[in-house]
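**Student:** Mind having a look at this structure? Questions to follow.
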Amino acid sequence: MSVATPDLSMPDLSRIPPETVDAADRTARFWTSKQPGPIKPGSEAHKRAMCDMFHETFNPYKPSVLAWPKLDPETRNKITSLPIWDIAVQTEGKARLRMAAYARQLMAIDPDMAKTIELNGWEENRHKEVLSRLVEVYEIPLDPEPAYVEPRDAEWAYMVTGYSECIDSFFAFGLFELAKRSGFFPAELVETFEPVIQEECRHILLFANWVAWHRANLPLHKRAWFELRVAAVYAFLGWERIGIARGIDDGKGKPQDNNFTVNGSKSVSNEDIKVLDLLRICLEENDRRFSGYDRRLLRPTTFPNLVRLALKLVPASRKTKSAAQPA
């Protein structure tokens, strides 16, 4: 199997007809493998499908020509006051480095998978460029970026980044939609950011299928170790978010909120959104964004399934409590 790598020396999109850019955007959202029949996780057909998906849905947008609308003072102050920009830029910087490191590790073992993850890392760096351009245009002050250190355990670092994106993107999809509905983000800014949000959907689609493919190809004794590492990643991410939710700050810079995607609804809407309503929006947006891709590819399931369970159980428990109260 061999997959073609897109030309990463991006053309100047300002010289490309708008209909060509629109076509690329549609291609990035809707994809079906040409392979017939079922796709078994861990099979060569599975690897071919996930790699083809990622390369064939590549969107050639260029950060330098994205249209950043002029904002009125109130909207600009809302956006610049969000406590996320330092962490957002740094997260993309770390993700690029981690994916590049894991791709190098895989190159001698599986060049096709390595090239796909390498492209994922390239796109993470493009996200960083988009965010850097945004903070420049709207004059958002950032702390100096830390030195990005090569991970000692490339697979662990890739797993931390992948599972973190699965969690954060699930909530980010809902918050982005909530901000759009509330008018917090002007329509022009929504249009500018939309390709980046959809690209995160592609990233976690690739990661979910890599997990299944990788797991299926491990011998039993190594698979047990892999499952322990997965559990350790979730524990690490949970501890990280609990710490940030408590407002941990070293006192040397602005307080930042890497947990914003979980608790940031009040920052992107003037309405009082209940938790269950926000979860419904997140679930709806998650399903909508994945709906255009081949159903035979696996989706991230942990948080969507937990939310579906919560939406079923919580209303039932409230009804039970209400019925138990005397009239």
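**Student:** Determine, yes or no, whether LYS62 is without any contact (Cβ under 8 Å) to a residue 60 or more places away in the chain and more than 18 Å from ARG202 (Cα to Cα). Walk me through how you get there before you give the answer.
**Tutor:** Working: without any contact (Cβ under 8 Å) to a residue 60 or more places away in the chain: yes; more than 18 Å from ARG202 (Cα to Cα): no.
No.
**Student:** Look through the stretch 13-30, keep the residues that are of a type in the set (A, V, I, L, M, F, W, C) and either assigned to a helix (DSSP H, G or I) or exposed (fewer than 13 other Cβ atoms within 10 Å of the Cβ) (or both), and return whichever of them is modelled with the lowest pLDDT. Break it down into steps so the answer makes sense when it comes.
**Tutor:** Step one: of the stretch 13-30, the residues of a type in the set (A, V, I, L, M, F, W, C) are 13, 16, 21, 23-24, 28, 30.
Next, only the ones that are either assigned to a helix (DSSP H, G or I) or exposed (fewer than 13 other Cβ atoms within 10 Å of the Cβ) (or both) stay: 13, 21, 23-24, 30.
Numbers: LEU13: 48, VAL21: 71, ALA23: 85, ALA24: 84, PHE30: 96.
Selected residue: LEU13.
**Student:** Show the residue pairs meeting these rules: Cβ distance below 9 Å; 6+ apart or different chains; first residue within the stretch 179-197 and under 12 Å from TYR61 (Cβ atoms); second residue β-branched (Val, Ile, Thr).
**Tutor:** Once the first residue is under 12 Å from TYR61 (Cβ atoms) and sits in the stretch 179-197, its partners that are β-branched (Val, Ile, Thr) give THR192/VAL130; PHE193/VAL130; PRO195/VAL130; VAL196/VAL130.
**Student:** Of the residues in the stretch 31-45, how many are among the charged types (D, E, K, R) and either at pLDDT below 95 or more than 13 Å from ARG295 (Cα to Cα) (or both)? Steps first, please.
**Tutor:** First, pick out the residues of the stretch 31-45 that are among the charged types (D, E, K, R): 34, 40, 44.
After this cut, where a residue has to be either at pLDDT below 95 or more than 13 Å from ARG295 (Cα to Cα) (or both) as well, the list is 34, 44.
Result for the stretch 31-45: 2.
**Student:** Collect the residues in the stretch 50-86 that are touching a strand residue (DSSP E or B) at 6+ places or on another chain (Cβ under 8 Å) and under 17 Å from ASP22 (Cα atoms), keeping them in residue-number order.
**Tutor:** Scanning the stretch 50-86 gives GLU56, THR57.
**Student:** A follow-up question, please. So ASP7 clears everything in (1) loosely packed, with under 12 Cβ neighbours inside 10 Å; (2) at pLDDT 90 or above; (3) on the phi < 0 side of the Ramachandran plot except one condition, right? Which one?
**Tutor:** Here ASP7 clears every test but (2).
**Student:** Tell me, which residue of the stretch 89-120 that is over 16 Å from LYS47 (Cα atoms) and among the charged types (D, E, K, R) is surrounded by the fewest Cβ atoms within 10 Å (Cβ to Cβ)? Can you show your working first?
**Tutor:** Initially, the stretch 89-120 is screened for residues over 16 Å from LYS47 (Cα atoms), giving 89-102, 104-105, 108.
From what is left, the residues that are among the charged types (D, E, K, R) are 92, 94, 96, 98, 104.
On the way: GLU92: 21, LYS94: 20, ARG96: 21, ARG98: 26, ARG104: 15.
It comes out as ARG104.
**Student:** Report whether or not ALA157 is within 25 Å of GLU285 (Cβ to Cβ), surrounded by 15 or more Cβ atoms within 10 Å (Cβ to Cβ) and within 22 Å of the chain's Cα centre (by Cα).
**Tutor:** Numbers: within 25 Å of GLU285 (Cβ to Cβ): no; surrounded by 15 or more Cβ atoms within 10 Å (Cβ to Cβ): yes; within 22 Å of the chain's Cα centre (by Cα): yes.
In short, no.
**Student:** Exactly one condition in (1) touching a Pro at 6+ places or on another chain (Cβ under 8 Å); (2) exposed (fewer than 15 other Cβ atoms within 10 Å of the Cβ) is not met by THR75; state its number.
**Tutor:** The failed condition is (2).
**Student:** Got a number for residues in the stretch 51-76 being more than 30 Å from ASP112 (Cβ to Cβ), touching a Leu at 6+ places or on another chain (Cβ under 9 Å), in a helix (DSSP H, G or I) and not hydroxyl-bearing (Ser, Thr, Tyr)?
**Tutor:** 1
**Student:** Another question, if that's okay. What do you reckon, is ALA172 farther than 20 Å from GLU188 by Cα, assigned to a helix (DSSP H, G or I) and under 21 Å from the mean Cα position of the chain (by Cα)?
**Tutor:** Judged against the criteria, ALA172 is not a match.
**Student:** Here is a further query. Looking at LEU66, is it modelled with pLDDT under 90, over 23 Å from SER169 (Cβ atoms) and surrounded by 18 or more Cβ atoms within 10 Å (Cβ to Cβ)?
**Tutor:** no
**Student:** Considering the stretch 180-227 alone, what residues qualify as being loosely packed, with under 13 Cβ neighbours inside 10 Å and under 25 Å from ASN120 (Cα atoms)?
**Tutor:** Correct list: GLU227 only.
**Student:** Right, GLY174: free of Cβ contacts under 8 Å to residues at least 60 places away in the same chain, closer than 30 Å to TRP68 by Cβ and of a type outside the set (A, V, I, L, M, F, W, C) or not? I'd like the intermediate steps shown before the answer.
**Tutor:** Details: free of Cβ contacts under 8 Å to residues at least 60 places away in the same chain: no; closer than 30 Å to TRP68 by Cβ: yes; of a type outside the set (A, V, I, L, M, F, W, C): yes.
The answer is no for GLY174.
The values are calculated or read from the model by the stated rules, or taken from the named source; none is laboratory data. It should be emphasised that the depicted structure is a prediction, and the values quoted were computed from it without experimental measurement. Quick reminder, even Gly has a Cβ in these numbers, built from the backbone with ideal geometry, and neighbours come from all protein chains shown.
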